[in-house]
Each structure stands twice: as structure tokens, then as C-alpha cells.
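See structure below.
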Amino acid sequence: MTDWEPVVGIEVHVELKTASKMFCGCAVSFGEEPNTNICPVCLGLPGALPVANAAALESIVRIGLALHCQIAPQSVFHRKNYFYADLPKNFQVSQFDSPVAINGWLDINLDGTTNRVGIERAHMEEDTGKSLHQGGGGRIHSATSTRLDFNRSGVPLVEIVSRPDLRSAAEARAYAQDLRALIAELDVSDARMEEGSIRFDANVSVRPVGAGELGTKVEIKNMNSFRSLERAVASEIERQIALLEGGSRVIQETRHWDEEAGSTRSMRIKEGSSDYRYFTEPDLLPLVFAADTVDRLHSDLPELPADRRSRFEGMGVEAGTARVLAMADPALRRIFTEAVAAGSDPMTTAIWVTGELTAVLRKTPSSKVAGVGLAGLLAMVKEGKLSSSAAKEVLTEMVASGDEAAVVAERLDLLLVSDTNAIEAAVTEVLAAQPDAVARYRSGEEKVIGFLVGLVMRSTGGKADPKLVNETLRRQLVG
Amino acid sequence: MADLADLTVATAGERLATGEASAADLLDAVIRRASLTEAELHCYVTIDHDGARRAAEESDHRRSRKESRGPLDGIPLALKDNFCTRGLETTCSSQILSGYRPPYDSTVVARLRDSGAVIVGKTNLDEFAMGSSTENSAFGPTRNPWNPERVPGGSSGGSAAAVAAGSALAAFGSDTGGSIRQPAALCGVVGFKPTYGLVSRFGLVAFSSSFDQIGPLARSVADALTLFEAVAGHDPLDATSYPGTVPEARPSLETGVKDVRIGLVRELSGEGYEPAVTAATNDMVAQLEASGAIVSEVSLPSFAIALSAYYLIAPAEVSANLARFDGVRYGLRVTGETVEEMMARSRAEGFGPEATRRILLGTYALSAGYYDAFYGQAQRVRTKLINELANVFEQVDVLVSPASPTTAFELGAKTQDPLAMYLTDVCTIPANLAGTPAISIPVGLDADGLPIGFQVMGPALGEARLFQVAAEVERLATFDHRPEILAAASDRL
């Protein structure tokens with residue numbers, strides 16, 4: 001039986017959050033009344049002309065640089081011709097053979113392993129309007145009428161095309177997540193999958209392991225979450241393998257992911273590539289990126305999630321936690337950095353920040369807890385002044401009140417009793433009351449110690465340091 | 001005293017300044033002329049009686065308060081019907097835009113309104129400016145004032161005929177392959193295509209974006225310059241608009257042509273050129289030489305294949321530019337069972353045969369597998385021609401040629417033969433391919449009493465030299481003929 005190797009490439013569309021649209025002065029704004037942010041240019045009225053948005057161009061250069069791409073010194077807009085009711089000019093201003101950015105890469109991390117995924121290109125284009133099909137289940141062919149909203153028409157879009165370097169559905173998901181984190185870091189887009197401000201399409205094919213040539217690829221669309229992206233790719237890989245093993249062939253087509261059915265279905269067959277009759281957009285001049293501008297944008301890039309992940313790993317944080325922390329909210333990362341600077345162990349701190357602190361802040365958003373405070377809390381755990389479970393309670397209260405860990409622990413009466421005299425007394429008292437257990441222990445039944453520890457803990461109200469209790473018990477039992 | 005409708009813009013301006021005439025008088029004169037000639041000539045698609053009246057009254061009011069805005073304040077002008085005019089029907093002489101009222105003014109229209117010009121109406125054209133005779137109008141052809149059995153040329157035939165007939169003192173047109181200069185030549189008026197980028201295309205309904213350029217049609221070289229000056233200059237709404245200073249041409253109107261190096265283009269003569277046209281061209285060249293110009297014959301081999309390149313690139317751009325007319329948002333909608341069917345039917349019914357032909361030609365030229373052989377090759381020819389022109393302009397200051405190989409031909413003579421029609425643009429197309437300025441000036445009449453146009457071409461941004469030579473051509477030609485129809489019209493007054 002043949003072993004199959006999946007080959008996956010991802011195309012990402014990122015809507016930029018510039019103040020105005022790509023080629024006109026209309027506001028880029030989501031959730032407005034239909035057809036309120038429109039003008040002759042983005043409606044494609046006769047005679048209207050595009051003027052390129054400099055802020056959008058700066059954003060795509062930053063994206064290209066963050067993906068280690070070469071920025072073309074000169075780049076050209078093309079017209080991509082096709083008829084669609086929500087495409088006002090019936091051509092999309094896009095880029096064909098002269099994109100802004102080419103030949104980059106993104107290091108992704110999956111299960112502790114880092115893989116370098118090639119980036120073929122990133123190009124600039126404009127978004128279309130939206131078709132709202134009425135009746136017939138919202139699908140174009142069964143709808144009774146269609147309403148058009150052009151608010152989105154002309155919103156700047158960056159399309160990022162990966163090389164077919166991904167080998168599993170899980171890798172596809174990791175790539176998508178890491179790329180989204182990078183876009184969020186650059187602050188060029190809202191990058192919300194559920195709102196469509198970042199959209200992932202996957203090109204999937206399979207081939208026998210060891211084969212040099214790629215199999216026939218299928219494009220899959222309509223994935224609204226990272227989970228559905230992973231499921232869709234996995235489902236498509238399975239479908240293709242089943243086809244090939246059954247003696248059929250895969251046909252080149254676009255397939256639509258159906259989240260409920262958990263499978264893809266055919267949207268349109270495309271034998272060969274579609275003929276979009278690309279040609280140079282005569283209404284726009286070639287884009288020229290001066291070397292010093294590119295250099296400035298490069299040096300102004302923030303630290304990127306992949307670099308940050310490496311930095312955390314270098315500090316001793318395990319890869320999986322480092323990845324989560326690298327993509328975490330900046331406020332959380334700042335707390336981590338401050339806590340480590342105040343002396344906390346990086347790995348322990350990372351676990352607390354990505355685990356308990358993230359959970360607490362999700363429930364109770366607050367800015368009251370600082371890195372120094374967290375360091376204080378972790379030090380108390382380390383020194384045996386707080387149990388881990390009590391520490392979680394303390395953290396919740398710290399977030400709510402902003403008070404220091406020691407103060408909170410005392411107020412909630414959660415400090416462990418580490419007063420040896422008190423523990424000695426409690427142990428003596430328990431042993432006196434349990435002659436049977438003492439006798440069993442002394443005859444070699446060591447597991448009885450657990451029962452005795454429990455009794456001491458109960459008698460101290462759960463606040464005694466369990467380690468200390470254990471030691472004291474053993475000493476007195478021997479003695 | 002001559003009819004006000006026959007004045008140049010300059011003379012009308014003097015009358016306004018002295019108070020001998022008002023803007024309302026000028027408007028009355030051209031409207032009266034239109035009422036006498038329109039039934040026969042059909043220069044206009046729309047006459048904006050109310051808007052023009054209001055503009056004329058406002059102009060007179062400004063003048064009475066000594067707040068007049070300059071040489072165009074109160075001057076009745078016509079606009080080709082492919083300039084967007086806010087609230088005023090803009091049809092491009094196409095069924096698909098019949099009844100379409102733009103929500104905005106094109107930049108040129110906005111600047112004309114600011115200059116105080118009175119916009120009389122919108123003139124007829126070949127549908128979407130595609131044609132050389134104004135016969136491709138969905139609303140019927142325009143006829144040539146010099147002989148109504150003849151075409152006025154095109155595609156700005158309505159504007160050229162209106163200026164020749166006196167139903168406007170001057171007009172604006174658009175020139176993609178000669179659409180200002182060729183009708184100007186056939187109608188005996190001056191037509192000027194500026195350097196690409198000097199006049200904003202914002203709001204001009206696009207035919208072929210990389211060639212389209214707006215320019216004036218007028219009764220004198222000086223008037224053409226006045227109109228150009230009123231609308232030229234950088235426009236942030238047009239990315240292809242030239243960001244620098246507009247060349248200053250007015251001082252060179254009076255300098256003559258002594259020691260100016262003039263090149264007569266060898267490729268724009270010979271077979272296909274009417275003897276009267278060749279004779280008039282050579283005669284003018286001899287007169288220029290006699291006036292002190294240094295004349296030589298020059299060769300630009302790419303001119304011979306410019307037409308072929310143009311008829312691939314322009315349709316390619318048309319196929320995309322005209323894709324937006326689909327019945328979805330504005331214009332003609334013919335319903336269908338599906339959106340695709342609605343679009344297809346609207347387009348099939350809305351576009352005339354020439355627009356359809358060019359859309360198909362361009363779609364084909366851009367198709368996978370054909371792109372490089374057609375569109376790609378045409379772009380290489382264009383580059384070659386630009387380089388040849390740049391070299392030639394090292395040796396000469398301007399190039400001269402006929403503006404059209406023939407005088408006005410009869411209606412219907414070429415409508416069944418698109419290639420013959422395309423060949424009428426052979427003299428004018430090179431300047432569009434190169435984006436360089438060119439002007440046509442009437443220099444005489446043929447044996448049938450039809451005007452002959454003489455073309456002067458300059459290097460990019462060489463408007464000063466261009467107008468220097470054009471003004472001398474105008475002085476030497478002393479073209480003071482009038483179409484007979486005007487005498488007849490005057491008799492009916």
C-alpha cells in the first residue's frame with residue numbers, strides 16, 4: 001500500500017486597518033449601515049480614478065519585511081478581470097507578476113519543533129463589496145434577490161502566499177496561527193477570522209511519499225476559525241487519499257468547507273488556471289520603494305512572535321509554553337518580563353502567566369496586577385509560605401484588589417503554618433490520640449503516614465506546610 | 001457687426017470687458033445658432049438650457065460687481081458627452097448610459113465652472129469615443145457643417161462641428177487616437193491634444209486610460225491655449241496627472257519660427273493621402289521655411305506600425321474599462337433569470353457594434369496564450385516608438401504632417417469597413433502612443449470646399465514650441481473661410 005504525503009500551501013488575505021480605503025478617501029470601518037462608506041471611486045462609477053493609499057503601501061512593506069521578504073524596488077498594479085456583481089468595476093486592482101514582496105519565510109513551531117515555511121509573495125489589492133443573497137438559504141443560485149453592500153469595496157487587502165511547504169493539517173493550523181500573530185504584532189489589521197479581516201484559503205494535494213512531482217491541487221475556502229482550517233485540511237487530505245486509493249483521480253477545483261457536515265463540497269471546477277487577463281493598471285503609476293524608506297521601516301519593526309519565542313526558549317522556557325507566551329497579550333508578556341526581572345524562575349513564571357493569570361484576567365480584566373506582584377506570589381510558593389492551590393486564590397484576589405501577595409494571603413488567612421513549635425505540638429497531640437496507627441507504622445506499615453498527615457493538616461486548618469508535617473511525624477514516630 | 005456666435009473666445013472676451021455684449025447675449029447667440037443648425041447637424045446630445053442660463057446670469061452679475069474671473073468668464077462652451085457633469089446627463093452616446101446623471105463633476109468641469117465658463121451642453125461622440133466619424137453614436141450621427149453629407153470626423157465630432165457651426169464659441173473633447181485633432185481637421189477648427197498628464201482625466205469616462213487626454217477645440221490657436229490654461233495642472237485625484245509646472249506657452253505665440261528646426265514626417269505621406277492634403281501640407285512647410293524655419297525630412301519607422309499597436313492596446317484597456325457597465329448599479333438594465341444573464345443581456349443591448357467589436361478584440365488580445373503575441377508585442381512597439389521620437393526630437397524641435405490623410409468623407413462611406421475607418425487615425429495615433437502634445441490647425445480647403453488640417457507635434461512638455469509653430473502656421477494660412485451653411489442660417493435669422 002502507498003504511503004501518502006500531504007502537501008499544503010496557504011493563501012491569506014489580510015484586510016488592513018488603514019484610516020481610508022486603498023484607492024479613495026472613504027473610511028475603512030466595519031459594521032456600518034450598508035452603503036454608507038462609498039464614493040464614485042469605490043463604486044466604480046464612470047470616470048472615477050484610483051489613487052494609491054500610502055499608508056497601506058507602508059503596511060505591506062512592513063508585512064513583507066517581517067516575513068523576511070525582498071521588497072521589490074519597483075512594483076506594478078495589474079487589473080484582474082472577472083465579472084461579479086459585488087466587484088464594481090468588474091476588475092480587481094491587484095498585482096500579478098510584480099508583487100511588492102517576494103521570497104520570504106516564517107518559522108512556525110509545532111509540538112516543540114520549528115519548521116521554516118517559505119513565503120512566495122505578498123501583494124497589494126483591493127477588497128470587493130459583499131453580496132447578501134435573500135431567500136433560498138442565502139446561496140446565490142437559489143436566492144430570490146441579492147442586495148449589495150459596497151462598504152467593503154476598495155478596502156486594502158494584502159494577499160500572502162506560502163510555498164507548498166506544509167505537510168499536515170496541524171502544520172497548516174500552526175502556520176495560520178503564527179502568521180496571524182505576526183500580523184497582530186505589526187498592528188496593521190484587526191486580524192479577526194470571525195469578522196473576515198483575516199481569511200485563510202488552503203491549497204491541498206497529496207502524493208506518494210518520496211514523489212518529486214506535486215499532485216493535483218484543490219483549493220478549499222470558507223474556514224472561519226483555526227480549528228475549522230485544520231479540520232478542513234484534514235478532511236480534504238482524507239478525501240484525496242480515498243480517491244487515489246480507489247483508483248480515481250483528483251480534479252483541480254475549488255471546494256467549499258461545510259463546517260456542519262465536516263466535509264468539503266465542490267464550488268467550481270477549474271481545469272488549468274483561470275484566465276483573468278491580467279494587464280498593467282494604466283491608471284496607477286509603478287510603485288517605487290526607496291531603499292532608505294525600506295531600511296527605516298525595517299529598523300522600526302517590533303520584536304516578532306517567532307523571535308520572541310526563541311528569546312523565551314533561551315531563557316529556559318519550554319518550547320510549547322514559549323510559543324503561547326510569545327503570542328500572548330502584550331500586557332501579559334510585560335508581567336512575565338517584570339516578574340523574571342524581579343527574580344522569578346522564567347519557566348515557572350511562564351506557566352503561571354499563560355495558565356492561571358490568563359484565566360483570571362479573562363474572567364476579570366484588570367490592570368492591577370504587576371510583574372513584581374506576581375514575583376512576590378511565586379516567591380511565597382517557593383519558600384513554602386503558600387500552597388499552589390492557595391496561591392491561585394491569592395492571585396484572583398490580587399487581580400481584583402491590586403494588593404501584594406503577602407497582604408492578600410494574610411487577609412484570606414491562607415499562609416502556611418511553618419512555626420515548628422505549633423507543628424510539633426499538633427503532631428504530638430495526633431500521635432497521642434492514635435496509638436493503633438502508631439503501632440502499625442512502627443511494625444512497618446509505612447503508608448499509615450498519609451492518614452496521620454491528613455489528621456495533622458485537619459487539626460491545623462489545612463495551613464501547615466505538608467512537607468514540614470511529614471518530616472516532624474517521621475521524627476516523632478521514630479523517637 | 002458679425003454674429004456673436006462666430007466670435008473667437010478672445011474677441012468675445014473683449015466685448016464682455018467693454019460691455020458691448022453680456023454673457024447672456026453670447027449664450028443667446030449660440031442657442032439661436034443651435035436652434036437653426038441642430039436639426040441638420042446634431043452636434044449636441046443635451047443642451048442644458050437652464051444650467052447655461054443660470055451660469056450666464058451669474059457671470060454677468062460677477063462682471064457687474066467687477067469680480068469677473070478671467071478669460072473664460074461668461075464664454076459659452078460645449079463639452080463632449082464623456083465628461084461627467086453633476087446632475088446633467090452624461091451618456092457617452094451609448095444606450096447603456098442613456099439617462100445616467102453622474103453624482104459628481106469631472107475635474108475639468110469643476111475647473112471650468114470655477115473659471116466662470118458657461119456650459120451650453122454635451123456634444124455628440126462616437127460611442128465611448130470609439131470611432132472617427134461620430135457615426136457610432138447611439139443617438140444618430142453628427143454632420144459636418146461644411147457639407148452635411150460628410151462626416152465631421154470623430155470621435156469628438158459633436159464638439160468640432162459645434163465650434164465650426166457657432167453653436168459654441170469653443171469646446172472640449174478627448175483625444176485617444178486623434179479624437180480631437182482629426183475632427184478639428186475635418187471641421188476646419190483648431191484641435192489640441194496636450195502632453196499626457198497635463199490635464200486631469202478624473203471624471204472623463206475612460207476609453208483607453210493610457211492614451212486618453214483632454215483638450216480644446218477652438219477657432220484660433222490662442223483660444224485653444226486659453227482653454228488649455230484654464231484646465232491644465234496637477235490633480236491629486238488622477239495618479240497619472242503630471243505633478244510639475246504646466247509649460248508656459250503664451251509668450252511664444254508671437255515669436256515666429258526663425259531658426260526653429262521642423263521635421264516633415266516621411267511615413268505620414270504617400271499612398272492613401274489625398275493629393276490636396278499633401279499639397280496643402282507641402283505648401284505650408286514651404287511657407288514655414290520661407291519664414292525662417294529650418295526644414296528637413298525625417299523618418300520614424302515605427303509610425304508605420306503605430307496603428308496596429310494602438311488597435312491592440314486601446315481595445316485591451318477598453319475591455320476592462322467598459323466591464324463596469326453591467327446593469328448592476330447604474331445605466332441600462334435588461335433583466336434575466338440570473339445575475340450573469342442580466343449582465344450579459346444589458347451589455348448586449350447597451351453597447352453598439354463598434355464598442356462590442358473593440359471589447360471582443362481587447363478581450364482576445366489579453367487572453368492566455370495570446371497576450372504576449374498581441375498585447376505584449378504592441379507594448380514593445382510603443383516603447384520603440386517612444387525611443388524613436390525621443391531621438392528625433394534631439395534633431396528637430398517639432399514634427400509636422402497632415403492631421404488626417406483625407407478631408408471629410410461621406411456618411412456611410414467607411415461604416416462597413418472598420419479597417420478603413422481605423423486608417424483615418426494614422427497621422428494622429430503616434431502622439432497618443434508616445435503621450436506627446438500635438439495640434440491640428442486648418443490651412444486650406446480642397447476642391448470640394450472641405451477643410452484641410454495641418455498637424456504639429458512636439459516632445460513631451462514641449463507645449464511652448466508647439467504653440468510657437470502653430471501660431472505661425474495660423475498666421476501663414478490666413479484661414480478665414482466659413483461653412484456655407486452658416487450663410488444660409490444667417491439668412492434665416
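Tabulated data
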| read-out | value |
| --- | --- |
| Count - residues of segment B:312-330 that are in contact (Cβ under 8 Å) with a residue 12 or more places away in the chain and surrounded by fewer than 21 Cβ atoms within 10 Å (Cβ to Cβ) | 1 |
| Every residue from segment A:122-141 that is in contact with a Gly (Cβ under 9 Å, 6 or more places away or on another chain) and either within 11 Å of chain B (Cβ to nearest Cβ) or on the phi > 0 side of the Ramachandran plot (or both) | A:129 |
| Matching option when the condition is more than 23 Å from residue A:337 (Cβ to Cβ) and in contact (Cβ under 8 Å) with a residue 12 or more places away in the chain, among A:390, A:425 | A:390 |
| Residue match in segment A:242-265 (condition: in a loop (DSSP other than H, G, I, E, B), of a type in the set (A, V, I, L, M) and surrounded by fewer than 12 Cβ atoms within 10 Å (Cβ to Cβ)) | yes |
| Residue, surrounded by the most Cβ atoms within 10 Å (Cβ to Cβ), within segment B:5-21, restricted to residues that are of a type outside the set (Gly, Ala, Ser) and in a helix (DSSP H, G or I) | B:9 |
| Residue A:121, sole failed condition from (1) crowded, with 18+ Cβ neighbours inside 10 Å; (2) modelled with pLDDT of 95 or more; (3) farther than 23 Å from residue A:79 by Cα | (3) |
| Single residue of segment B:228-277 satisfying the filter (outside any strand (DSSP E or B), out of contact with any helix residue (DSSP H, G or I) (no Cβ under 7 Å at 6 or more places or on another chain) and aliphatic (A, V, I, L, M)) that is nearest to residue B:421 (Cα to Cα) | B:277 |
| Test: residue in segment A:81-102 that is at the interface with another protein chain (Cβ under 10 Å from one of its Cβ atoms), surrounded by fewer than 23 Cβ atoms within 10 Å (Cβ to Cβ) and among the acidic types (Asp, Glu) | yes |
| Pairs where the first residue, in segment A:34-52, is more than 10 Å from chain B (Cβ to nearest Cβ) and the second is of a type in the set (A, V, I, L, M) and surrounded by fewer than 21 Cβ atoms within 10 Å (Cβ to Cβ), C-beta under 6 Å, 6+ apart | A:37/A:27 |
| Meets criteria (within 14 Å of another protein chain (Cβ to nearest Cβ), farther than 20 Å from residue B:200 by Cβ and either at pLDDT 95 or above or in contact with a Phe, Trp or Tyr (Cβ under 6 Å, 6 or more places away or on another chain) (or both)) for residue B:101 | yes |
| In segment B:328-368, the residues that are in contact with a Leu (Cβ under 7 Å, 6 or more places away or on another chain) and more than 10 Å from chain A (Cβ to nearest Cβ) | B:346, B:349, B:350, B:355, B:359 |
| Enumerated helices (runs of 4 or more DSSP H) restricted to segment A:315-409, each holding at least 3 residues that are closer than 29 Å to residue A:462 by Cβ | A:346-352, A:358-363, A:371-382, A:388-401 |
| Residue ID - modelled with the highest pLDDT, chosen from residues in segment A:266-287 that are of a type outside the set (A, V, I, L, M, F, W, C), in a strand (DSSP E or B) and under 35 Å from the mean Cα position of the chain (by Cα) | A:266 |
| Verdict on residue B:299 being exposed (fewer than 15 other Cβ atoms within 10 Å of the Cβ) and among the polar types (S, T, N, Q) | yes |
| Candidates A:40, A:34, filtered to the one that is in a loop (DSSP other than H, G, I, E, B), within 26 Å of residue B:208 (Cα to Cα), assigned by TED's automatic domain parsing to the domain that holds residue A:187 and at pLDDT 95 or above | A:40 |
| Which numbered condition residue B:326 fails, given (1) part of a helix (DSSP H, G or I); (2) in contact with a Ser or Thr (Cβ under 8 Å, 6 or more places away or on another chain); (3) of a type in the set (Asp, Glu) | (1) |
| Residue within segment B:39-53 that is within 13 Å of another protein chain (Cβ to nearest Cβ), assigned to a helix (DSSP H, G or I) and at pLDDT 95 or above present | no |
| Hits in segment B:369-378 (condition: within 12 Å of chain A (Cβ to nearest Cβ) and not hydrophobic (A, V, I, L, M, F, W, C)) | B:369, B:370, B:371, B:372, B:375, B:376 |
| Residue count for segment B:278-301, restricted to those that are assigned to a loop (DSSP other than H, G, I, E, B) and either polar (S, T, N, Q) or touching a strand residue (DSSP E or B) at 6+ places or on another chain (Cβ under 8 Å) (or both) | 4 |
| Condition check for residue B:135: of a type in the set (Asp, Glu) and within 14 Å of chain A (Cβ to nearest Cβ) | no |
| Matching strands (runs of 3 or more DSSP E) fully within segment A:105-198 where at least 3 residues are closer than 23 Å to residue A:236 by Cβ and in contact with a strand residue (DSSP E or B) (Cβ under 7 Å, 6 or more places away or on another chain) | A:113-126, A:156-162 |
| Residue check, residue B:2 more than 21 Å from the chain's Cα centre (by Cα), at pLDDT below 95, closer than 25 Å to residue B:191 by Cα and away from chain A (no Cβ under 14 Å) | yes |
| Qualifying position, being over 29 Å from residue B:189 (Cβ atoms), without any contact (Cβ under 8 Å) to a residue 60 or more places away in the chain and in a helix (DSSP H, G or I), among B:364, B:375 | B:364 |
| Residue in segment A:408-416 that is surrounded by 14 or more Cβ atoms within 10 Å (Cβ to Cβ) and without any contact (Cβ under 8 Å) to a residue 40 or more places away in the chain present | yes |
| Residue identified as in contact with a helix residue (DSSP H, G or I) (Cβ under 9 Å, 6 or more places away or on another chain), without any contact (Cβ under 8 Å) to a residue 60 or more places away in the chain and among the polar types (S, T, N, Q) among A:254, A:280, A:321 | A:321 |
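Yes/no matrix, rows are residues, columns are (1) closer than 28 Å to residue A:348 by Cβ; (2) not assigned by TED's automatic domain parsing to the domain that holds residue A:333:
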| residue | (1), (2) |
| --- | --- |
| A:373 | yes, no |
| A:379 | yes, no |
| A:383 | yes, no |
| A:401 | yes, no |
| A:435 | no, yes |
| A:438 | no, yes |
| A:442 | no, yes |
| A:450 | yes, yes |
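Quick grid of which residues meet (1) surrounded by fewer than 24 Cβ atoms within 10 Å (Cβ to Cβ); (2) modelled with pLDDT under 95; (3) within 14 Å of chain A (Cβ to nearest Cβ):
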| residue | (1), (2), (3) |
| --- | --- |
| B:181 | no, no, no |
| B:229 | yes, no, no |
| B:236 | yes, no, yes |
| B:245 | yes, no, no |
| B:254 | yes, no, no |
| B:261 | yes, no, no |
| B:266 | yes, no, no |
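The values are calculated or read from the model by the stated rules, or taken from the named source; none is laboratory data. Just so we're clear, the structure is a prediction, and the values are computed from it rather than from any experiment. Quick reminder, even Gly has a Cβ in these numbers, built from the backbone with ideal geometry, and neighbours come from all protein chains shown.
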